[in-house]
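Data first, discussion second: the structure below is written as structure tokens.
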Amino acid sequence: MVIDSHHHYWNYNPVEYDWIDDKMKIIRKDFLPNDLKATVDDAGVDGVITVQARQLVDETDWLLKLASKYDFMRGVVGWLPIADAGFELLLDKYASVHKLVALRHVIQGEPDDNYILRSGFNEGISHLKRYNLTYDILVFERHLQKVINFVDMHPNQTFVLDHIAKPLIKDGVISPWKENIEELAKRDNVFCKISGMVTEADFTNWNEEQLKPYFDVVLNAFTPSKLMFGSDWPVCLVGVEYHNWVKIVQKTISKLSGSEQQQIMGLNALKAYHLD
């Protein structure tokens, strides 16, 4: 089974999606389940994990409603106000919604680089394991040392690092991202998504050779047992077609054993999101 561990939907409007600048104008339109279903069927992908694109409870509710209608949507990574005092009570409301598999907060968008270490936020994170919820970590590479401290505060919580922590691929910079990734990967409770790489390169003028050093680092650090394929569709479309990204990942891991490839292409996503 092939699982795309990371994609988004939206009904486009320029206010809520103001981060889609002129260079990315090809994705200034709606992207909905029927669009993705045709895309994944063509690429040989069996199921997907849907990730929030807006920090609203309404976003989570909308994605869960879609997931209830589409079997190929295996799980939802939603957003809830993790740092709020009433967060645990809100979790009770969602406890019976089996397709809510994880939560995510856009740490990379916070003006405070220490947000991930705030006490209120970490109090909220401490409740997730009881509800069998994973937490997706969305950060820039500059946050990685703080991420390591954050993860160490929650040794029994399952984490998934999005987009290999967004290294500076466009500039060809690999350190200190490499060393921090190697340190983070020592934690058994942290998985990593092979996703979002093309958009961290010069997505109008990139090649596979530019990506190779970053692939090599995460393959060596996390090993096939903790890596998972993700597309970041439709964001990826600014630099690569969906089926081409699938082929690039499959080509990159083709030197691995069949069972290791299966782990990366689907089994690890099911494991990390408690769907296996």
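The values are calculated or read from the model by the stated rules, or taken from the named source; none is laboratory data. This is a predicted model, so every value here is computed, not measured. Counting neighbours? That spans all protein chains shown, and the Cβs are built from the backbone with ideal geometry, glycine included.
The table below lists the values:
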item: Count of segment 140-189 residues which are buried (at least 20 other Cβ atoms within 10 Å of the Cβ), within 17 Å of the chain's Cα centre (by Cα) and over 18 Å from MET228 (Cβ atoms); result: 3
item: Filter result for LYS170 (under 26 Å from GLY47 (Cβ atoms) and of a type in the set (D, E, K, R)); result: no
item: Selection from segment 229-241 of residues that are of a type outside the set (D, E, K, R) and either surrounded by fewer than 20 Cβ atoms within 10 Å (Cβ to Cβ) or in contact with an Asp or Glu (Cβ under 9 Å, 6 or more places away or on another chain) (or both); result: PHE229, GLY230, SER231, TRP233, PRO234, VAL238, GLY239
item: Scan of segment 33-56 for residues that are aliphatic (A, V, I, L, M) and either under 19 Å from the mean Cα position of the chain (by Cα) or under 11 Å from MET73 (Cβ atoms) (or both), ordered by number; result: LEU36, VAL40, VAL45, VAL48, ILE49, VAL51, ALA53, LEU56
item: Only listed residue being at pLDDT below 95 and not hydrophobic (A, V, I, L, M, F, W, C), chosen from SER68, SER126, SER119, SER96; result: SER96
item: Any hit, segment 203-210, residues being out of contact with any Lys or Arg (no Cβ under 7 Å at 6 or more places or on another chain), of a type outside the set (Lys, Arg) and under 19 Å from SER5 (Cβ atoms); result: no
item: Unmet requirement for SER254, which otherwise passes all of (1) farther than 19 Å from LEU168 by Cα; (2) of a type in the set (S, T, N, Q); (3) outside any helix (DSSP H, G or I); (4) touching a helix residue (DSSP H, G or I) at 6+ places or on another chain (Cβ under 7 Å); result: (4)
item: Residue list for segment 8-18, filter: farther than 22 Å from LYS193 by Cα and surrounded by 10 or more Cβ atoms within 10 Å (Cβ to Cβ); result: ASN11, TYR12, ASN13, GLU16, TYR17
item: Selection status of LEU63, farther than 21 Å from VAL246 by Cβ and either touching a strand residue (DSSP E or B) at 6+ places or on another chain (Cβ under 9 Å) or in a strand (DSSP E or B) (or both); result: yes
item: Among the residues listed as GLN145, GLN157, the single one being touching a helix residue (DSSP H, G or I) at 6+ places or on another chain (Cβ under 7 Å), part of a helix (DSSP H, G or I) and either over 21 Å from VAL77 (Cα atoms) or not hydrophobic (A, V, I, L, M, F, W, C) (or both); result: GLN145
item: Flag if ARG130 is outside any loop (DSSP other than H, G, I, E, B), of a type in the set (Lys, Arg) and more than 19 Å from the chain's Cα centre (by Cα); result: yes
item: Options GLY258, GLY266: the member that is at pLDDT 95 or above and buried (at least 19 other Cβ atoms within 10 Å of the Cβ); result: GLY266
item: Answer from ASN180, ASN244 - the residue that is touching a residue at least 12 places away in the same chain (Cβ under 8 Å) and assigned to a helix (DSSP H, G or I); result: ASN180
item: Hey, TYR273 over 16 Å from the mean Cα position of the chain (by Cα) and at negative phi or not; result: no
item: Qualifying position, being modelled with pLDDT under 95, surrounded by 18 or more Cβ atoms within 10 Å (Cβ to Cβ) and over 19 Å from VAL51 (Cα atoms), among PHE215, PHE203; result: PHE203
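Residues are listed down the side, and each one gets a yes or a no for (1) of a type in the set (Lys, Arg); (2) modelled with pLDDT of 95 or more; (3) surrounded by fewer than 20 Cβ atoms within 10 Å (Cβ to Cβ):
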{"position": "HIS6", "(1), (2), (3)": "no, yes, no"}
{"position": "LYS23", "(1), (2), (3)": "yes, no, yes"}
{"position": "ILE26", "(1), (2), (3)": "no, yes, yes"}
{"position": "PRO33", "(1), (2), (3)": "no, yes, yes"}
{"position": "ALA38", "(1), (2), (3)": "no, yes, yes"}
{"position": "GLY47", "(1), (2), (3)": "no, yes, no"}
{"position": "VAL51", "(1), (2), (3)": "no, yes, no"}
{"position": "GLN55", "(1), (2), (3)": "no, yes, yes"}
